[in-house]
Amino acid sequence: MPKRIVSNIRNIGHRTIESVWRLGIASRFFLLVLLKSGTSFRRFNLVIRELYFTGVLSLIIIVVSGLFVGMVLGLQGYETLQKYGSESAVGTLVALSLVRELGPVVAALLFASRAGSAITAEIGLMKATEQLAAMGMMAVDPVARVVAPRFWAGVISMPLLAAIFSVMGVYGGYLVTVVFIGVDEGSYWSQMQSAVDFRIDILNGFIKSCFFGVAVTAIAVFEGYDAPPTAEGVSGATTRTVVTSSLVILGLDFILTAFMFRGVS
Amino acid sequence: MQRTTMDLWVGLFVVMGVVALMILSLKVGNLNVYNPSHSYTISGNFENIGGLKVRAPVKSAGVVVGRVTDIQFSTQTYDAVVTMDMDSRFQFPKDTFASILTSGLLGEQYIGLAAGGDEVMLKEGDKIMKTNSAMVLEELIGRFLFNKAADDDSF
């Protein structure tokens, strides 16, 4: 019996050391990517290519889900607010929840599953088929040539996608509450404008989405670069990217919200 | 895919993102309503500020003319010192009356300014002398009950 307890404790210790070790490797890899990203700015067309794959191809899902999230927020908000006779505040509700929270967070979750998984799978498969090793043989640095452009493309496209998501949501809420239900158009916009502050709400939401962009793409490129060079390894790495980045987004969101919106009415 | 087509799509994407940010700041936010770069600061002492918060609007005749930037408690006078950032387009006389009002039944509280008749205008750092505290529901009910009891005694 004591033997089993000891082995269990040893197991816990082993896992802790393993995860700390992995975190260290990930941080060092992140620094390496930052150090070697000079190439991606000198040859910016590499980043543009990746912007197409991570940004433009994510547009459809971001636009559609932003629209629907806004529509649902408008509908549910109207149902609740009309009980208190203040259905004209529905614009405020939709805009504040989108700009502060849902825009950056849901866009980042969608981005992690749409673009993050694709980045991991691509880099992992490049590693499995020894394309990265071949680049190294030709004195082309795979981190500078393959990893850094993908990282920067993700960092650039994430805030833009979050902004598009929020705008689509605001217009989705407008569509449902003003056009379908018949809330006054003037009060929808004016109450929203008097409640949403540029610096506190919009700028902080933008900063949030920048953080999420860095976190998601850093995790995605690391998992891809670190994936075991087998079919199983690549599939495991892709799953880990989505799970880890979703958890990191939610945790980071809580921390950032606590710093940004504490004491704000 | 052709290089130029890809460039076009990426360009469209970036333009869309920037336009979205501009819509957020101009149409959803209030960047255009109130520009704090041309402003002057005034303050006022209130006996009770009720639920007034930092960033609450300062209105005159219902128009937003400034914002509350700071609320402090003064240990010299034992009341609240409210600092307001006023748009410099709007100048108010020195004997302007400031009161804390509530918009609607459950709405937010704001500071309402009623202009006086003084020739001298309020300048940066000036203090509003005439203030009116926020209505506190308990005090209101208390006063009502007190008056009621006083009325009953006279019978």
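The values are calculated or read from the model by the stated rules, or taken from the named source; none is laboratory data. Here the structure is a predicted model, which means the values were calculated and not measured. Because the Cβ atoms are built from the backbone with ideal geometry, glycine has one as well, and the counts that use them run over all protein chains shown. Please note that ligands, DNA and RNA were not included when accessible areas were found on the heavy atoms of the full protein model with its side chains. Shrake-Rupley method; radii C 1.70, N 1.55, O 1.52, S 1.80 Å.
Annotations for the structure displayed:
- For the stretch B:106-155, GluC sites (Glu not before Pro) meeting the loop criterion (DSSP other than H, G, I, E, B) and having at most 11 other Cβ atoms within 10 Å: B:Glu119, B:Glu124.
- Amide H partners (placed H, <5 Å) of B:Phe92, local residues excluded: B:Leu122
- Dividing the summed -39500 (n - 2.57) terms of all DSSP H runs of n ≥ 4 by the residue count of chain B sets its mean residue ellipticity at 222 nm at -8500 deg cm²/dmol.
- Percent carbon-and-sulfur accessible area, the stretch A:205-252, ignoring ligands, DNA and RNA, probe 1.4 Å: 78
- Shielding by partners, peptide A:174-187 (average Cβ within 10 angstrom, other chains): 0
- Residues in the stretch A:48-64 that, when all protein chains are in place, have 50 Å² or more less accessible area than the chain alone would give (probe 1.4 Å): A:Ile48, A:Tyr52, A:Val56
- Solvent exposure of the protein assembly as shown as accessible area per residue, Å², 1.4 Å probe: 54
- P(r) weight above 21 Å for the stretch B:39-136, C-alpha pairs, percent: 24
- Karplus-derived HN-Hα couplings along the stretch A:203-208 (A = 6.51, B = -1.76, C = 1.60, θ = phi - 60°), whole Hz, x at Gly and Pro: 5, 5, x, 5, 4, 4
- For B:Leu122, net neighbour charge (Lys/Arg +1, Asp/Glu -1) across residues whose Cβ lies under 11 Å away: -1
- Global dimensions of the protein assembly as shown from alpha-carbon coordinates: Rg and Dmax equal 28.3, 107 Å.
- For chain B, excluding the exposed loop sites themselves (trypsin sites (Lys or Arg not before Pro), DSSP loop, at most 11 other Cβ atoms within 10 Å), the longest remaining stretch covers B:1-88.
- Measuring between their Cα centroids, the stretch B:39-73 and the stretch A:216-265 lie 43 Å from each other.
- Only lysines eight or more places from B:Lys127 in sequence, or on another chain, were considered; those with a Cα closer than 23 Å are B:Lys53, B:Lys59, B:Lys94.
- Protein accessible surface hidden between B and A, which excludes ligands and nucleic acids, total in Å², probe 1.4 Å: 2600
- Of the accessible area of the stretch B:39-136, computed with a 1.4 Å probe over protein heavy atoms only, carbon and sulfur atoms account for 55 percent.
- Value of [θ]222 nm, deg cm²/dmol, for chain A, DSSP H segments ≥ 4, -39500 (n - 2.57) each, nearest 500: -25000 deg cm²/dmol
- 1.4 Å probe, heavy atoms, protein only - residues of the stretch A:119-161 losing at least 30 Å² accessible area vs chain alone: A:Leu160
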